[in-house]
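Step one of this worksheet: look at the structure below.
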């Protein structure tokens, strides 16, 4: 029982510290995101001029200008609006002056706009467009076989997969649209709000694991104490029985 208690308590303590490590990691990421959000918006060209790898630009506010390529639009499937309605997001490449493209998450549209390119008031403006928003890192790049059918719906933004079907290079970050000139003719797509920064459940999980470790140790102590009391009681009853037999 002692060995089992030590193993259980040790595992619970280890899991508790693991959750604390994840909490510290989440706090570090949140601090990085907040620092990026706090920076004033800058033209994307200025941000790219001083670095070779755009990945560190994640969470920076940026402005860009170019032309939307609606023919290569993709639907980001299964997203909710700010009001909680189910729908999708629209991902549209913005072709920049240098021929590269920035993938723009233009916002939420209802489920009936499930096939790209979106139509009606949700279709992107033609001609030159100025956009402003926040850059976000894309998911890990995935190789796509040559000649594969174009991907029209995705559940995550993978610039490797999406870039393979585009006729121009694409940046490895995407822009969550906040403002656009000229504005959309109607209310769609509805620009998505910035993600809420939380610390997640890691602290409560850590407390639970430490509590389990405490319960295991305390429970072992209670069982040992009970066994000792029962042992002393049994010895006392045996001694009393012996005395009775002797007297008899």
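Please treat every number below as a calculation from the coordinates, not as lab data. On a predicted model such as this, the values are computed, not experimentally measured, just so you know. Cβ placement follows ideal geometry from the backbone for every residue including glycine, while neighbour counts extend to all protein chains displayed.
Taking the average, over residues, of other Cβ atoms within 10 Å as the packing measure, peptides 81-87, 96-102 rank 96-102, 81-87 from highest down.
Length available on full extension from residue 39 to residue 168: 0.36 nm per residue minus the Cα-Cα distance, which gives 43.5 nm. Classify segment 49-158 from the C-alpha gyration tensor, please: rounded if a/c falls under 1.5, else prolate or oblate depending on whether a/b exceeds b/c. Note, shape of segment 49-158 comes out rounded.
Rounded, prolate or oblate: pick one for segment 26-80, where a ≥ b ≥ c are the square roots of the eigenvalues of its C-alpha gyration tensor, a/c under 1.5 means rounded, and failing that, prolate if a/b is larger than b/c, else oblate. The shape class here is oblate.
Remark: relative contact order (segment 1-140) = 23 percent; criterion is Cα-Cα distance under 8 angstrom and separation of 6 or more residues.
Comparing mean-square fluctuations of 157, 51, 75 from a GNM of the chain with C-alpha springs under 10 Å, the top value falls on 51.
Going by average Cβ density within 10 Å per residue, which order do the peptides 194-201, 158-165 take, highest to lowest?
For the peptides 194-201, 158-165, the packing ranking is 158-165, 194-201.
By its C-alpha gyration tensor, with a ≥ b ≥ c as the square roots of the eigenvalues, how is the chain shaped: rounded for a/c under 1.5, else prolate for a/b larger than b/c, else oblate? Verdict is prolate for the chain. Rounded to the nearest 10 degrees, the inclination of helix 2-38 to the longest alpha-carbon principal axis of the chain is 20 degrees. In the chain, helices alone account for a calculated mean residue ellipticity at 222 nm of -13500 deg cm²/dmol, with every DSSP H run of four or more residues adding -39,500 (n - 2.57). To the nearest ten degrees, helix 202-247 and the longest principal axis of the Cα atoms of the chain are 10 degrees apart.
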